[in-house]
Structures are given as structure tokens and as C-alpha cells.
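The structure appears right after this line, and notes come after that.
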Protein chains: 2
Amino acid sequence: MSFSPLIRQLIDSLRVLPGVGQKTAQRMALHLLERERPGGLKLAEALEKALHGVGYCKRCRTLSELDECQLCSDPRRDDSLLCVVQSPTDVWAVEQTGFRGRYFVLKGHLSPLDGLGPDAIGIPQLEARISEGQFSEVILATNPTVEGEATAHYIAQLLLPQGLAVSRIAHGVPLGGELELVDGGTLAHALAGRKSMAGH
Amino acid sequence: MSFSPLIRQLIDSLRVLPGVGQKTAQRMALHLLERERPGGLKLAEALEKALHGVGYCKRCRTLSELDECQLCSDPRRDDSLLCVVQSPTDVWAVEQTGFRGRYFVLKGHLSPLDGLGPDAIGIPQLEARISEGQFSEVILATNPTVEGEATAHYIAQLLLPQGLAVSRIAHGVPLGGELELVDGGTLAHALAGRKSMAGH
Ligand SMILES: [Zn+2]
Ligand SMILES: [Zn+2]
């Protein structure tokens, strides 16, 4: 209809947010304009700073504006455990369970049909990270989906011959779901019940 | 937990959006950082432009970056009908019904307990707008809440002695609700079934 150009652009731009359709975007835009201008300007600034400033931690590959993220540089964490996940969101989810080892974040999962092989998802960097550390166990916490399982298996086959203990989070997590949507209790349980992949 | 400062600030800032809690804000922030950086930067720019550039139309008081909004400056609209609403969102809602007269936007509703009298919600500007126009009817489309009704009655009492035809949208709209949440069909019906307030 009849919003002025700047309001229309704001509404359109808000639709980049996940789960935000036309009607929600309109409500958000008018709410900001009518009641939250200082908060909206802070949001604009935070977006710009984060989107320009945040890159990837050189050790664990999670999102961070620091060369080495706070999780990697924290000396109090357990250097014997490495948890491999497939997105930065999953670091947050595993962190909620009380896990206090180290992380490595893949760029998604293996997807041969899309041309995403080991190099594309960061397997070489994972191997480098493992060889520079002194891990006694590598926990594979990729998503409990077909692709996540396949990725975990691929990594297990790669690491087991090197004499590393490799485990997979237990199937307390519902099959076919996304790790980030699992409640913390279920995930904590799955983590505690992890099984060695040596027998595979 | 353990997001880096820029990510944490982004998550906090996103919570200014209506209906966005901590978990949704996290999902939004990571989505933008992982998959939508160009879209996120466009959003930052659109926010800044709109929040700095958008003011209020000098005629109808709706949100617009133009001195006179597109609804007020459109020569094809019906100059004999004035629809009074209590927020810019409601202009959009009424516009969806196919109404093609003019608008006046109050700043909310009368709320004596909060110290919001006629001056605070823009009644003097409404009177000025009416006296400079040639309206044959003023349609009161404030919310169908107790406060919206009271505000409509106040305005009716003010305008009726001036010989103006004053109508209230019909109570096809559910009592106690917000106008902007009413579906377009119900609102179109309520508008068509408006009743003269002369008898009150
Ligand atoms: Zn790191
Ligand atoms: Zn206007």
C-alpha cells in the first residue's frame, strides 16, 4: 500500500530475519518508528559492527571478532576433550549442557550431491587442530540427521586409524532433528551417554 | 554464555524488536552472521535512514519522511471523508479495506489517569485539519476498546455541535481487541456498517 519509501525499505529489509514475514515486518517497523527509535538505532549500529567485525576463530572456526575466541583462549577449559559440531549455534547448544572442553566447528555437513566434500566443510582444518592439540577424546556432535551421521562416520574413519578415541553423542537426541532445537536436558543426556566409535 | 562481545551486543539489540526473546534473538544473530551478511547490512542502513528520516505528515500525522504523506497529497482520494485512527498502523489496516478518503492519526487514545488529555493526543490538530478541509463526514475508527470508545465519544461531542456528520465504525470489530489485529474482511464490514453518532 501506501507506506513512504523509507518505511517500505525498512519493512522489506526486516524480512531478512528468519521467521519474519510481511505482517511481522510491518509491525516491527512501526513499533520501532513509533516507540523505539533509540533502540532501533542501537540495533543498526550493532548490526553494522557485528557484520563487519565478526569473523571466525582461527582455532575452532566459530564466529568471533577475536583472532582466538574466548572458548579457545580460556585456560580453565579441559584440553583433553574436543567436541566437533557443524555450526556456531551448536557450540552454544552444547555449551548449555555444561560441557567445558574445546570445540571445532565444521562448515555444515558433507553433501556430495551439492559438491560439498571434506575440504569444503573444513576437515583439513579439523585435522590440523587435532594434531596441534593433545586430545584424549574427540566427541562428534554433528546433527542427528542422515547427513550429520554420515559426516560423523567419515571423521571417525579418518581419526580412528590415528589411535584417537572417537565418540558420537548418544541417540538421546531425536533422529532427524536439528541440534540447536534440542532442549538442554536431552542434549546433556546424549553427551553423557556418548559411545565410543572404535567398534564401527 | 560465551558469545564474543559484538555478537552479544547484536543479540541484546535484536531484543528491541516486538515479540523477540533471547532465544529468537540468538537465532537471528547467528543466521545473519552465518548466512545473510549483505541482507543484515542493508537492514542496518534501512534502520538508520528510516529512524533518522521518518517524521510525521503535517496534515494527517501519520509516519512519513515527506512533509505531506502520499495519502494526503494524492489528488484522486475522496476529500469528503475523514477517517480518524489512533496509530499509523491503523491507517494501514483501514487502507486494506479499500477506504479511499483521508486520514487523521491521533497519538493514541485519551487516558486521563496517565495525564493524556485532548492536547496530548492531538485533538487541536484534528480540529485544525477538519476546519481546513471540506469533509461531509468524519469516521471515528479508534480501537474498539473502552479507551477507544471514550475517545470516539469525546471527539463526537466536540464535532457534532459544529454540524459535522460523525460516524463510528460498526461493532463488527470484536470488542476489546486491537484494530491492527482485525482481519481485513471484518474491518471492511465494520466500516461499511458505520453508524451516525448524531443520536448520542
Ligand atoms: Zn575458538
Ligand atoms: Zn498525511
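Summary of computed values
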item: Unique residue being more than 16 Å from ligand 2 (Cβ to nearest atom), over 21 Å from the mean Cα position of the chain (by Cα) and modelled with pLDDT of 95 or more when the list is B:Ala46, B:Ala29; result: B:Ala29
item: Residue within segment B:63-84 that is in contact with a Pro (Cβ under 9 Å, 6 or more places away or on another chain), open to solvent by less than 30 Å² (accessible area, probe 1.4 Å) and within 14 Å of ligand 2 (Cβ to nearest atom) present; result: yes
item: Residue in segment B:95-104 that is within 11 Å of chain A (Cβ to nearest Cβ) and within 13 Å of ligand 2 (Cβ to nearest atom) present; result: yes
item: Near pairs, Cβ below 8 angstrom, 6+ apart or cross-chain, from segment B:1-23 (among the hydroxyl-bearing types (Ser, Thr, Tyr)) to any residue that is assigned to a helix (DSSP H, G or I) and open to solvent by 20 Å² or more (accessible area, probe 1.4 Å); result: B:Ser2/A:Gln70; B:Ser2/A:Trp92; B:Ser4/A:Gln70; B:Ser13/A:Lys42; B:Ser13/A:Glu45
item: Flag for A:Gly55 being surrounded by fewer than 16 Cβ atoms within 10 Å (Cβ to Cβ), modelled with pLDDT of 95 or more and either more than 16 Å from ligand 2 (Cβ to nearest atom) or acidic (Asp, Glu) (or both); result: yes
item: Verdict on A:Ser13 being under 30 Å from B:Tyr56 (Cα atoms), in contact with a strand residue (DSSP E or B) (Cβ under 6 Å, 6 or more places away or on another chain) and more than 16 Å from ligand 1 (Cβ to nearest atom); result: no
item: Failed criterion for B:Ala150 (all others in (1) at pLDDT 80 or above; (2) of a type in the set (Gly, Ala, Ser); (3) open to solvent by less than 10 Å² (accessible area, probe 1.4 Å); (4) more than 24 Å from B:Cys57 (Cα to Cα) hold); result: (3)
item: B:Leu126 being within 19 Å of B:Val166 (Cβ to Cβ) and touching a Phe, Trp or Tyr at 6+ places or on another chain (Cβ under 7 Å); result: yes
item: Of residues in segment B:70-97 being more than 16 Å from the chain's Cα centre (by Cα) and under 22 Å from B:Leu191 (Cα atoms), the one nearest to ligand 1 (Cβ to nearest atom); result: B:Asp74
item: Residue match in segment A:132-154 (condition: without any contact (Cβ under 8 Å) to a residue 12 or more places away in the chain, over 20 Å from A:Leu191 (Cα atoms) and not charged (D, E, K, R)); result: no
item: Test result for A:Ser2, surrounded by 20 or more Cβ atoms within 10 Å (Cβ to Cβ) and among the small types (Gly, Ala, Ser); result: no
item: Residue check, A:Pro161 more than 14 Å from chain B (Cβ to nearest Cβ), within 16 Å of ligand 1 (Cβ to nearest atom), farther than 26 Å from B:Leu33 by Cβ and surrounded by fewer than 21 Cβ atoms within 10 Å (Cβ to Cβ); result: no
item: Residues located in segment A:111-122, provided they are within 15 Å of the chain's Cα centre (by Cα) and free of Cβ contacts under 8 Å to residues at least 60 places away in the same chain; result: A:Ile121
item: Number of the condition not met by B:Gln125 [criteria: (1) free of Cβ contacts under 8 Å to residues at least 60 places away in the same chain; (2) more than 14 Å from chain A (Cβ to nearest Cβ)]; result: (1)
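The values are calculated or read from the model by the stated rules, or taken from the named source; none is laboratory data. In this text, all values refer to a predicted model and were calculated from it rather than measured experimentally. Note that each Cβ is placed from the backbone with ideal geometry, even for glycine, and that neighbours are counted across all protein chains shown. Heads up: the accessible areas ignore ligands, DNA and RNA and are worked out on the full protein's heavy atoms, side chains in. Shrake-Rupley method; radii C 1.70, N 1.55, O 1.52, S 1.80 Å.
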